Each structure stands twice: as structure tokens, then as C-alpha cells.
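Have a look at the structure below, then the notes.
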Amino acid sequence: MNALISILLFVAVLSVLGAVIWAANRLFNLAAGKMGTTLHCMMCGSDVKIRSVTRGNTGIELILWLCFLVPGLIYSVWRVSTRYKACSNCGAVNLVPLESPAAVAHRKSLGIPNIAP
Ligand SMILES: [Zn+2]
């Protein structure tokens, strides 16, 4: 009986830990999306605020945390470690600083007026 209570307590503690990590991950994503720096997208040609993109699925992450703790932890670590910055307009990853020679040349080739220095 004591072993069962210990196991249930262990599962409850790890579930709370998983929920905390999941919530922190969500908050980080929201903050990163709002505070993104502006870069030039070499795919669509727009000057956009970058957004943080997290691979995987939040629902799967939650299920893994609630049912099987170790896979949940592995999945969360994978999601956080493979997070990347992307264009908020088209989702492309090839972004360059606004004043870089590549951005200036790209705007010129698209016929978009360049920003005055
Ligand atoms: Zn883009």
C-alpha cells in the first residue's frame, strides 16, 4: 500500500513539474513573438518581426507528460531545443538584417524602395 502511494506521489510530482515546464514554454513563445526584432525576409521580401516557431504539437506534449513522464520530458526537451526564428509573414527562415547588402539588393531586385540611411 505504501509503495502504491509512493508511486502515485511520484507521478503527481512529475506531472506538476511537466505542467510547469509546459506553461513556461508557452509563456516564452508568447513573449518571443511579441518582442521579435525586425529583419528582412529573403523569401517574401517583407521587413517583418521574427517569430519563434516550436516544432511538434502541444497536445501530444501534454498527453505524453500526463501518461508517460519520461517520453514527455524527452519530447519537451526536443521541442525547446529545435525552436527556430522565422518570418511572421511566410514562415521562411532565411532572414537578414534590414540594412545588410543582401537585403538592399533583394529589395532593389523586387522593386521595393530601400530605407533611407
Ligand atoms: Zn517572409
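Estimated from the Cβ-Cβ distance and a Förster radius of 41 angstrom, the FRET efficiency linking N57 and L98 is about 0.80.
Find out how many positive minus negative residues lie around D47, taking Lys and Arg as positive, Asp and Glu as negative, among other residues whose Cβ is under 15 Å from that of D47. Charge balance near D47 sits at +4.
Dimensions of the range 2-110 based on its C-alpha atoms, expressed as ranges along the principal axes with the largest first, amount to 73, 20, 17 Å. Cβ-Cβ distance of T82 and C44, R₀ of 30 Å, FRET efficiency by 1/(1 + (r/R0)^6): the value works out to about 0.85.
Bear in mind these aren't lab numbers, they're just calculated from the coordinates by the rules spelled out. The structure displayed is predicted, hence computed values, not measured ones. Here the Cβ is made from the backbone with ideal geometry for all residues, glycine too, and neighbour counts use every protein chain on show.
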